[in-house]
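The values are calculated or read from the model by the stated rules, or taken from the named source; none is laboratory data. No experiment lies behind these values; they were computed from the predicted model shown. Glycine gets a Cβ as well: all are built from the backbone with ideal geometry, and neighbour counts include every protein chain shown. Side chains are part of the model used for accessible areas, which takes the heavy atoms of the whole protein and leaves out ligands, DNA and RNA. Shrake-Rupley method; radii C 1.70, N 1.55, O 1.52, S 1.80 Å.
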Amino acid sequence: GGGITRAMGELAALGHRRIAVSAYGSELRPGRQVREGFADATAQFGLEDSPELIIDLSDLDAQAGDSLAERLLATNPTAAVIGGPTTLLARCLRQLRERLGSDPFPRQLSVVAVGDEALADVHEPALAIVTRPVDQIADAVADQLFRRLDDPSASVTSISIPLSYRPGPSVGLLDSSR
């Protein structure tokens, strides 16, 4: 949840206190990481801690992006940390833009994406993002693989690589009128 906590901390530093997040079910590691990050951030930065601000992702198809946008806006957040498959995330962002009007990010809603660097980079404005450091993960997997090839009886070790946060222009100061 480190990347989620850092993203929410950045939003808090910009004045945001009501931050919605989307999360997979708590039976899945990514869902637990988001929930842990949300809990850590609300405690650490004095953010609103309301269960309605955690929006469950159950369906993961493109149409679920419409539903996610509707449920997100119903919580009346000033910022959102949104994750999910690329098609869901893209559809949600399009729906938010349609509902909020042209150029809503970050003027009306600061947005941090979770997971898809390619979408984050081509979106206008470019999205702040929480992502897995793929290079670190690949290095760790390769190290484990080569170690096991050298010594098949070597134990498998568990490595925890935290999520990272990359700022972007989709995040901005809270509009004082909100």
Checklist outcome for this item: Checked the stretch 25-37 for anything touching a strand residue (DSSP E or B) at 6+ places or on another chain (Cβ under 6 Å) and in contact (Cβ under 8 Å) with a residue 40 or more places away in the chain; matches are 34
Item to check | Cβ pairs under 7 Å, 6+ apart, first in the stretch 134-163 and over 25 Å from residue 30 (Cα atoms), second part of a helix (DSSP H, G or I) and open to solvent by 60 Å² or more (accessible area, probe 1.4 Å) | outcome: 154/147; 154/148
Next on the checklist: Being of a type outside the set (Asp, Glu) and in contact with a His (Cβ under 8 Å, 6 or more places away or on another chain) narrows it down to one residue among 78, 42; which is it?
Outcome noted: 78
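Would you mind stating whether residue 145 is farther than 15 Å from residue 11 by Cβ, open to solvent by 30 Å² or more (accessible area, probe 1.4 Å), modelled with pLDDT of 90 or more and of a type in the set (A, V, I, L, M, F, W, C)?
In short, yes.
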Checklist entry - Of all residues in the stretch 1-24, how many are open to solvent by less than 30 Å² (accessible area, probe 1.4 Å), within 23 Å of residue 133 (Cβ to Cβ) and either free of Cβ contacts under 8 Å to residues at least 24 places away in the same chain or assigned to a loop (DSSP other than H, G, I, E, B) (or both)? => result 1
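Taking the stretch 25-67 only, how many residues are assigned to a helix (DSSP H, G or I), more than 23 Å from residue 9 (Cβ to Cβ) and open to solvent by less than 80 Å² (accessible area, probe 1.4 Å)?
Qualifying residue count, the stretch 25-67: 4.
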Item to check | Scope the stretch 68-109; condition closer than 24 Å to residue 15 by Cβ, open to solvent by 50 Å² or more (accessible area, probe 1.4 Å) and of a type outside the set (Gly, Ala, Ser); matching residues | outcome: 71, 76, 97, 99, 103, 107, 108
Checklist entry - Before we move on, is residue 128 of a type in the set (Gly, Ala, Ser), open to solvent by less than 30 Å² (accessible area, probe 1.4 Å), in contact with a Ser or Thr (Cβ under 7 Å, 6 or more places away or on another chain) and at pLDDT 90 or above? => result yes
